[in-house]
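A.B. asks: The structure follows.
The values are calculated or read from the model by the stated rules, or taken from the named source; none is laboratory data. What you see is a predicted model; the values in this text were computed from it and never measured. Please note: Cβ atoms are built from the backbone with ideal geometry, for glycine as well, and neighbour counts cover all protein chains shown.
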Amino acid sequence: MIKKTLALLALAVVTTTAQAGTSAPAPSGKGVIAPTIEPDSISYSNVSLSWLRQWGQVGPVNFDSNGIALALEYSPVNNVYVAGGASWSDGEFSLGGQSVNGDLWNANLGLGGYLPLTSNIHFVTELGANYADASFGNPVNISGNEWGFYVTPHIRAKFGKFETHLGATYNTNDLALDEWTGFLRLLYEVAPNVDLFVTGTIGLSDNNGIDDLYGLNVGARYKF
């Protein structure tokens, strides 16, 4: 019931904001103008590159991974944006002196919408498709590739040079390390159109037997 309610809410937000972003008539003799960056505005057109680390446990077996992530958001009209991303991690399951290494690949493509609660606080929902590829041998036996869908309701807020994102991601992909993941992202503008950021994540449910899954993401974002 929760999953259906969340999916319907996400669809309603994206549909409503898509209509809001396209309902206003274009000025006479001019086409639709893509939104531009304004000082203190929340960014929905940006590209980011970051280092990604995750760690947790499968019973007595420890899990640890390091990798890189690339993400893109683009807002063609107000209240709507397109999102895409990909990541690769080199993961390791270990117990005592024994370890198993493998690769984790993830990619996503989705559509998002946002509703301003105030001028600097927005409610945002993004939903789309997720692809995962994993390869680990005994004793964990996690391998193969799968498709699923994800939805990410969250709040974005901007205060001067600081921007923060707080929310959760639900992912139906069987190869996702967690079905539900909470996240907090903190960004700081170090130069015009350039942010540095850190993101912390925590698994809210068990998937593939991984308990107490945590993540750390550190990188830079360019806004355009």
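A.B. asks: Filter segment 59-80 down to the residues that are part of a strand (DSSP E or B), of a type outside the set (Gly, Ala, Ser), surrounded by 18 or more Cβ atoms within 10 Å (Cβ to Cβ) and touching a residue at least 40 places away in the same chain (Cβ under 8 Å) and list them by number.
C.D. replies: Those that are part of a strand (DSSP E or B), of a type outside the set (Gly, Ala, Ser), surrounded by 18 or more Cβ atoms within 10 Å (Cβ to Cβ) and touching a residue at least 40 places away in the same chain (Cβ under 8 Å): Val61, Phe63, Val80.
A.B. asks: Just one of (1) surrounded by fewer than 16 Cβ atoms within 10 Å (Cβ to Cβ); (2) farther than 23 Å from Ser45 by Cα; (3) of a type in the set (A, V, I, L, M, F, W, C) trips up Ala134, so point out which.
C.D. replies: (1)
A.B. asks: I'm trying to understand the selection: among the residues of segment 51-73, which are acidic (Asp, Glu) and within 15 Å of the chain's Cα centre (by Cα)?
C.D. replies: Passing the criteria: only Glu73.
A.B. asks: Here is a further query. Touching a residue at least 12 places away in the same chain (Cβ under 8 Å), surrounded by 14 or more Cβ atoms within 10 Å (Cβ to Cβ), in contact with a Pro (Cβ under 9 Å, 6 or more places away or on another chain) and closer than 24 Å to Tyr222 by Cβ: does that describe Val124? Even if it seems obvious, please write down each step before you answer.
C.D. replies: Values: touching a residue at least 12 places away in the same chain (Cβ under 8 Å): yes; surrounded by 14 or more Cβ atoms within 10 Å (Cβ to Cβ): yes; in contact with a Pro (Cβ under 9 Å, 6 or more places away or on another chain): yes; closer than 24 Å to Tyr222 by Cβ: yes.
So Val124 passes the test.
A.B. asks: Residues being among the small types (Gly, Ala, Ser) and modelled with pLDDT under 95: count how many of those fall in segment 52-90.
C.D. replies: Result for segment 52-90: 2.
A.B. asks: Kindly list, by first and then second residue, each pair from a residue in segment 157-168 that is within 17 Å of Leu115 (Cβ to Cβ) to a residue that is outside any loop (DSSP other than H, G, I, E, B) and among the hydroxyl-bearing types (Ser, Thr, Tyr), limited to pairs with Cβ atoms under 6 Å and residues at least 6 apart or on different chains.
C.D. replies: Going by the 6 Å Cβ cut-off, the qualifying pairs are Ala157/Thr164.
A.B. asks: Sticking with this one: Select from segment 188-215 the residues that are modelled with pLDDT under 95 and of a type in the set (Gly, Ala, Ser) and list them in ascending order.
C.D. replies: The answer is Gly203, Ser205, Gly209.
A.B. asks: If you scan segment 119-154, which residues turn out to be among the β-branched types (Val, Ile, Thr) and modelled with pLDDT of 95 or more?
C.D. replies: Selection gives Ile121, Val124, Thr125, Val151, Thr152.
A.B. asks: Ok, one more. Could you please find all residues in segment 187-224 being among the polar types (S, T, N, Q) and at positive phi?
C.D. replies: Across segment 187-224, the qualifying residues are Asn193, Asn208.
A.B. asks: Quick one: is Arg185 among the charged types (D, E, K, R), under 27 Å from Gln57 (Cβ atoms) and at pLDDT 95 or above?
C.D. replies: Considered against the rule, which asks whether it is among the charged types (D, E, K, R), under 27 Å from Gln57 (Cβ atoms) and at pLDDT 95 or above, Arg185 comes out as yes.
A.B. asks: Considering only segment 107-118, state which residues are free of Cβ contacts under 8 Å to residues at least 60 places away in the same chain and buried (at least 17 other Cβ atoms within 10 Å of the Cβ).
C.D. replies: Listed by number, the residues that qualify are Asn108, Gly110.
A.B. asks: Might you check whether a residue that is surrounded by fewer than 21 Cβ atoms within 10 Å (Cβ to Cβ), touching a strand residue (DSSP E or B) at 6+ places or on another chain (Cβ under 6 Å), of a type in the set (Val, Ile, Thr) and farther than 30 Å from Ser94 by Cα occurs anywhere in segment 166-187?
C.D. replies: No, that holds for no residue.
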